[in-house]
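> Got a structure for you, questions after.
Values quoted throughout were computed directly from the atomic coordinates according to the rules given, and no laboratory measurement underlies them. Note that the structure is a prediction, hence the values are computed from the model and not measured. Here Cβ is always computed from backbone atoms with ideal geometry, including for glycine, and neighbour counts include all displayed protein chains.
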Amino acid sequence: MSLSFLFNLVSVVGAFLVGLWLPLRLIGINLPDLMTLGGDATVVVVAGINAYMSLKKLHRTTLDLVSVSLDILCLIPFSLITYAIYGEASPWTFYIDLLCIRHVSHIRSVLDRIDSLQPITYRLIPVMTFLPLLVHNIACGWIALGSGTAGTNPDHFLEYSKAIYWAFSTLTTVGYGDISAATPIQMLYACGVQVLGVGVFGFILSNVASLLARSDAARENHMDNLDRAETFMRIHDIPPELRTKIRAYYSYLWTHKKGYLDNSLLQGLPEKIQSELWLHINKTIVERVPFLKGASAELIEDLMHELKPRIYVPGERVFRAGDPGDALYFIHHGSVEILTRDQQVLATLSDGSFFGEMALISASPRNATVKATSFCDLYFLSRESFDKVTTAYPQFRIHLEDTMKARQAA
Ligand code: CMP
């Protein structure tokens, strides 16, 4: 854990606690002495950390300088000074300390540094931090102004609950009207909270809406594709049997690949990371193709980088006898039939097998037709990639040649 992360974390937690504690103190809810002392100390810690971090920055903006000035102001123990002079801390000193609350906004920097944080959590935590703090502060402000028609109450808990209720209903612009503003200052305050509510709740609602939409981004993406396919089929009046096949394809894509066939979104990553990623993503191929298990790490890494996924539906031809040899295929999942020109089944290949090596090695047309007998999850190596890999790794070519000879002899 780096020092700056620790500073940010302490500053956010501290600012949050100050944001809860100071407004209570301002409305006269007296906390035990130890907590009051702890609260004062927290203000100093938060202001100190942030002043230090701003001053340490190499490029300071005017905003940074204003922020440092405010933090230095918070560092001066005004409450203690006024306590020493008047026998009690003046309320205006708390207003100065309230400036510390703004450092809660550093929560994003804290979250940025936490690996393995899901996007949904990244969005949810700030909302869940700012919202209670805002409602609490507005409620305390309402109590400080006399609580409107609800009036003051010696039972602090009841008074606070009513204020929270008012704050929520005003912020959400629901405004039941059972508690309303009674004095001009309360009316102005209520107007301010309503205006704030439009913005704040707009922000929160849009966040919640996008949170819900993104909570299952993969499914959303899949549903989008499915919607588009359905519209396309309707417009082109596609026959029912074909529609069923298309739906079956999407269903297979969802169950086996969560809707993502290509990994184009990873292509912006540096080469090295991409190689490692391909290795990881395609590792089941290595596990399933027997001869790859004993191959060198370099060969596997290069091979994985060149392999591209493709799905075939039951009955679909991968290629016909006589077609030019343009790729080598590995079966990740599913099965295919190798058929002669007169449709005799030569062999059935399944998970972990490969086919299409003969045309590539002997530079001749395909000697058989290959047809998928189930949904087939294949990875193919284009001719260019095949040439690249076999030139760099002759043992790969030798192994393919051995297999080719064994198949020809069969
Ligand atoms: P290719 O000729 O490029 O295309 C058809 C493929 O079917 C061929 O390569 C082999 O990979 C495969 N194949 C041909 N004959 C057999 C066999 N007897 N057993 C298994 N696979 C075969």
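> Note down the relative contact order for the stretch 317-386 as a percent, whole number, built from C-alpha pairs under 8 angstrom at least six residues apart.
Relative contact order here is 48 percent.
> For residue 56, go through the aspartates and glutamates and keep the ones whose alpha-carbon is under 17 Å away, minus same-chain ones fewer than eight residues off.
Partners within reach: 64, 71.
> Let me ask another. Given a cut-off of under 8 Å on Cα pairs at least six residues apart, what relative contact order in percent is computed for the chain?
With pairs under 8 Å counted, the relative contact order is 10 percent.
> For a test of the definition: using alpha carbon positions, the gyration tensor, and the 1.5 limit on a/c, classify the stretch 5-106 as rounded, prolate or oblate.
prolate
> Take peptides 285-292, 164-171, 22-29 and line them up by average Cβ neighbours within 10 Å, highest first, as a rough protection proxy.
The packing order, highest mean first, is 164-171, 22-29, 285-292.
> Quick one, could you list the DSSP H helices from the chain stretching 18 Å or more along their long axis (Cα atoms) with average Kyte-Doolittle hydropathy of 0.5 or above?
The qualifying helices are 3-26, 33-56, 62-75, 119-144, 184-214.
> Assuming a ≥ b ≥ c are the square roots of the Cα gyration tensor eigenvalues, decide whether the chain counts as rounded (a/c under 1.5), prolate (otherwise, with a/b larger than b/c) or oblate.
The shape class here is prolate.
> Now for a different question. Spelling out what I want: for every residue of the stretch 96-103, take phi, set θ = phi - 60°, compute 6.51 cos²θ - 1.76 cosθ + 1.60 (Karplus), and round to whole Hz; glycine and proline get x.
These are the phi-based 3J(HN,Hα) values: 5, 4, 4, 4, 5, 4, 4, 6 Hz.
> I need the peptides 135-142, 391-398 ranked by packing, meaning the mean over residues of other C-beta atoms within 10 angstrom, with the highest value on top.
Highest mean packing first, the order is 135-142, 391-398.
> Below 17 Å, Cα to Cα, which aspartates and glutamates can residue 258 reach? Residues fewer than 8 away in the same chain don't count.
Candidates past the 8-residue exclusion: 216, 220, 224, 227, 377.
> Quick one: check the C-alpha center-to-center distance for the stretch 59-91 versus the stretch 110-144, whole angstrom.
Centre-to-centre distance over Cα atoms comes out at 25 Å.
> From the square roots a ≥ b ≥ c of the eigenvalues of the alpha-carbon gyration tensor of the stretch 49-163, which class results: rounded (a/c under 1.5), prolate (a/b over b/c), or oblate?
Because a/c hits 1.5 or more and a/b fails to exceed b/c, the stretch 49-163 counts as oblate.
> Taking the alpha-carbon centroid of each part, what is the distance from the stretch 368-399 to the stretch 266-301 in angstrom?
About 15 Å separates the Cα centre of the stretch 368-399 from the one of the stretch 266-301.
> Among 159, 384, 220, determine the one that fluctuates most according to a GNM of the chain built with springs between C-alpha atoms less than 10 Å apart.
Looking only at 159, 384, 220, the largest GNM fluctuation is found for 384.
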